[in-house]
Each structure stands twice: as structure tokens, then as C-alpha cells.
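Q: The structure under discussion is supplied below as C-alpha cells; questions concerning it will follow.
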Amino acid sequence: MGHSFSCTYLHIVFSTSRRIPFFHDSEFRGRMHAFVGGIIRSLQCVPVEIGGPADHIHILLKIDRTHSIGEIVKEIKRISTIWVNNSSTGIQPFSWQTGYAVFSVSQSLLTAVRTYISKQMEHHSRLTFEQEFSLLLEKHGIMASTSNPSNPG
């Protein structure tokens, strides 16, 4: 076979540094999510769903086979940080946490994950980020003791 084929969907989650609820304003949050979608497209990936409340982001994307997950997350964070700091009137400078979580998503679960991400505001009326993060890790077979969602980085 002379060609390489790939169809890989990922659910990526990361928080603002120190969980600062930087995106209180829903209009600004929506613009930031749209900007992140543009970053993803510039990396030859496909944004499927982007959402989240004031202190973290969920990204569902189809990854290009020529990029590593780490490269993609690094670029999303780097470019969006510059944009937020240039677009925001916030007193404190914005940054994302240093780490992230990534989960593979099968084709059969795309709709469920899209719905989950689109209903983030509803989820967080019942769960804190730490509770949600622990549940996601558990659901994907990752031991919670190997992660630290409270990491202020």
C-alpha cells in the first residue's frame, strides 16, 4: 500500500493557570473558542466541537496524521495565549496550565462527546472541574493518583 490513512479523533481538556475563571464573559469565551478552531484548522486538523466554562476548555478534533498530539496542544496554547492577552482587558496576564488530558474518541461516540462538550455550562452547574476531571480519568482507565488536577501550573 503506497498511501497512509488515518482517522483519529481526540478529546483534549486543559485549564487556565491556577483555574482562574478568565472567561466569565460568554461573548469573549465564544470568540476564544472560535479562535481556537482557527488555530486547529491552521494545523491541518479539523475542529469538531469546542466548549467549556470560565476556567477550562474541551476540544474535540480530528488530528492530522503528520502532527503529534503534543505539538498540536502546544500550538493551541501558545497562539491562543497571545490572542487572549492581546484581546482581553483583564488586569492579570492570561496563561493556560502546563499539562493537559487527551482521550481517544471512536467514530461511534462522536455525537455523544460533541453533546457532552456543548453542554459544559450545564455540567458545571452540578460538578466542579476537579470532579469532572476525575470522572473523565476514571472513565478512560487512568488512575487519578497519577494526575493532579489541582496542579496550579
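We did not get these values from a lab; they are worked out from the coordinates using the rules stated. None of these values were measured; they are calculated from a predicted model. Every residue, glycine among them, receives a Cβ derived from its backbone with ideal geometry; neighbour counts consider all protein chains shown.
Q: Only residues that are free of Cβ contacts under 8 Å to residues at least 60 places away in the same chain and either farther than 17 Å from L110 by Cα or part of a helix (DSSP H, G or I) (or both): list them for segment 45-56, please.
A: A54
Q: Turning to a different aspect of this structure: Cβ-Cβ below 8 Å, separation at least six or inter-chain, first residue in segment 4-25 and under 24 Å from R114 (Cβ atoms), second acidic (D, E) and surrounded by fewer than 19 Cβ atoms within 10 Å (Cβ to Cβ): which pairs?
A: S6/D64
Q: Keeping to segment 27-44, report how many residues are in contact with a helix residue (DSSP H, G or I) (Cβ under 7 Å, 6 or more places away or on another chain) and farther than 18 Å from W96 by Cα.
A: Total satisfying the criteria: 1.
Q: Residue by residue through segment 66-82, note down the ones that are in contact with a helix residue (DSSP H, G or I) (Cβ under 6 Å, 6 or more places away or on another chain) and surrounded by 17 or more Cβ atoms within 10 Å (Cβ to Cβ).
A: I76, S80
Q: While we're here: Considering W96, W83, which residue is of a type in the set (F, W, Y) and under 13 Å from the mean Cα position of the chain (by Cα)?
A: After applying the criteria, what remains is W96.
Q: Looking only at segment 103-123, count every residue that is touching a helix residue (DSSP H, G or I) at 6+ places or on another chain (Cβ under 7 Å) and either closer than 14 Å to H56 by Cβ or among the basic types (K, R) (or both) and tell me the total.
A: Matching residues across segment 103-123 total 1.
Q: Looking at (1) touching a residue at least 60 places away in the same chain (Cβ under 8 Å); (2) surrounded by 19 or more Cβ atoms within 10 Å (Cβ to Cβ); (3) touching a Leu at 6+ places or on another chain (Cβ under 9 Å); (4) not acidic (D, E), find the lone condition where I63 falls short.
A: In the conditions (1) touching a residue at least 60 places away in the same chain (Cβ under 8 Å); (2) surrounded by 19 or more Cβ atoms within 10 Å (Cβ to Cβ); (3) touching a Leu at 6+ places or on another chain (Cβ under 9 Å); (4) not acidic (D, E), I63 misses (1) alone.
Q: Something else now. Inside segment 96-129, can you point out the residues that are loosely packed, with under 13 Cβ neighbours inside 10 Å, not polar (S, T, N, Q) and not in a loop (DSSP other than H, G, I, E, B)?
A: Residues satisfying the conditions are A112, E122.
Q: Let me ask something else about it. Just the residues that are in a loop (DSSP other than H, G, I, E, B) and either in contact with a strand residue (DSSP E or B) (Cβ under 6 Å, 6 or more places away or on another chain) or within 24 Å of E132 (Cα to Cα) (or both), please, taken from segment 57-90.
A: Hits for segment 57-90: nothing passes.
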